[in-house]
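Report on the structure given below.
No value in this document is a laboratory result; all are computed from the given coordinates. Just so it is clear, the model here is predicted, and its values are computed rather than measured. Ideal geometry is used to build each Cβ from the backbone, glycine not excepted, and the neighbour counts take in all protein chains shown.
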Amino acid sequence: MKIITVAGTPCAGKTSVIAHLVRLFKSEGVEAAVAKFDALATGDDAFYRKELGIPAIKGLSDYVCPDHYYVSNLEEVYAWGKELKTDLLFIETAGLCFRCAPHIEGVPAITVIDNLGGVDAPEKMGPALSLADVIVVTKSDMVSQAEKEVFRYKVRLVNSTAAIVQFNGLTGTGAVMLKRLFEAWQDVAGISEAALRYSMPASICSYCTGEMRIGKPYQSGNVKKIQLRPESERT
């Protein structure tokens, strides 16, 4: 079974990218399934089942950090895909804070970013972008050629090795190139004992366990404070 993790900013077009790829693979008889992780709500699983006719499940982290919820359920999602005997399993994550990355060692990783986020967006995405195997850039049709080139340059500064694919979520332009990359990737024999490509955020503080009041008396555990003076003034 081939597995691909798909990360990206909220509304960047992750679901559209997956949908166009699924249609291409289905036309060749390749079976696909999608597991969608999100924080509070999503209708993407229903979209995959109704519009594409493929198996899809969702996992909502609710009060738990979406990153921690995601990694705690990867074995179960893998087992679900194997039970279905699907050829291709997409694991789509929520639009996360980008302190960490959902990508896994030995599992092909895609990060979707849109051209409308501004030229500084790539460096703000952290390991989700810098550790991806493929970077899909969407909404390029809404900016000028010069803006596209500057954005691509900024992406390349963050990740010098990943393949960069321009993708149109409406027409599906770019899907064929992505499909060719997928076909070259190897199946994943198992996910247990595999390692994340980057560590999760540190925890636990009092707010992780339900505290809602503001103030030092209510803060305990792993608490990090902002530095209000420049470093030169703290000596």
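As an exercise, take the mean of 1/r over every pair of distinct alpha carbons in the chain, invert it, and state the Kirkwood radius in angstroms.
19.0 Å
Evaluate E = 1/(1 + (r/R0)^6) for ASP120 and HIS68, where r is the Cβ-Cβ distance and R0 equals 35 Å; express this FRET efficiency to the nearest 0.05.
0.80
Can you say what percent of the DSSP beta bridges in the chain, counting only those with both residues inside, are antiparallel? Round to 5.
5 percent
Evaluate the distance, in nm, between pseudo-label points positioned 7 Å from the Cα of GLU149 and of GLU51 along their respective Cα→Cβ axes.
With each label placed 7 Å out from Cα toward Cβ, I get 3.4 nm.
If R0 is 30 Å, what FRET efficiency do you get for THR209 and ALA41 from their C-beta distance, rounded to 0.05?
0.80
Give the whole-number value, in cubic angstrom per residue, of the convex hull volume spanned by the C-alpha atoms of the range 125-169.
Dividing the Cα hull volume of the range 125-169 by its residues yields 70 Å³.
Would you kindly state how much longer the chain becomes between LYS85 and GLU28 on full extension, computed as 0.36 nm times their sequence separation minus their alpha carbon distance, in nm to one decimal?
Additional length available on full extension: 18.9 nm.
Kindly state, to the nearest 0.05, the FRET efficiency for ASP187 paired with ILE164, given R0 = 22 Å and r defined as their beta-carbon distance.
0.30
Pairs of Cα atoms under 8 Å, at least six residues apart: use those to get the relative contact order of the range 156-235, whole percent.
It comes to 16 percent, rounded to a whole number.
Could you bin all the Cα-Cα distances of the range 1-127 into 10 Å bins starting at 0 and give me the percent of pairs in each, rounded to whole numbers?
Values per bin, smallest distances first: 13, 46, 34, 8, 0.
I need the phi-derived Karplus couplings for the range 172-177: 6.51 cos²θ - 1.76 cosθ + 1.60, θ = phi - 60°, integer Hz, Gly and Pro marked x.
Values per residue, Gly and Pro as x: x, 4, x, 5, 5, 4 Hz.
Looking at the range 77-114, which GluC sites (Glu not before Pro) are DSSP coil and have at most 16 other C-beta atoms within 10 Å of their C-beta?
Of the GluC sites (Glu not before Pro), the ones in loops of the range 77-114 whose Cβ has at most 16 other Cβ atoms within 10 Å are GLU105.
Quick query: amide H of SER220 versus all other amide H atoms, modeled in the peptide plane; which residues come in under 5 Å with a sequence gap of 5 or more or a different chain?
Residues meeting the criterion, in which the H sits 1.01 Å from N, are SER206, TYR207.
With θ set to phi - 60° and the Karplus curve 6.51 cos²θ - 1.76 cosθ + 1.60, what are the ³J(HN,Hα) couplings of the range 45-61 in order, to the nearest whole Hz, using x for Gly and Pro?
4, 5, 4, 4, 6, 7, 7, 10, x, 10, x, 8, 10, 10, x, 10, 6
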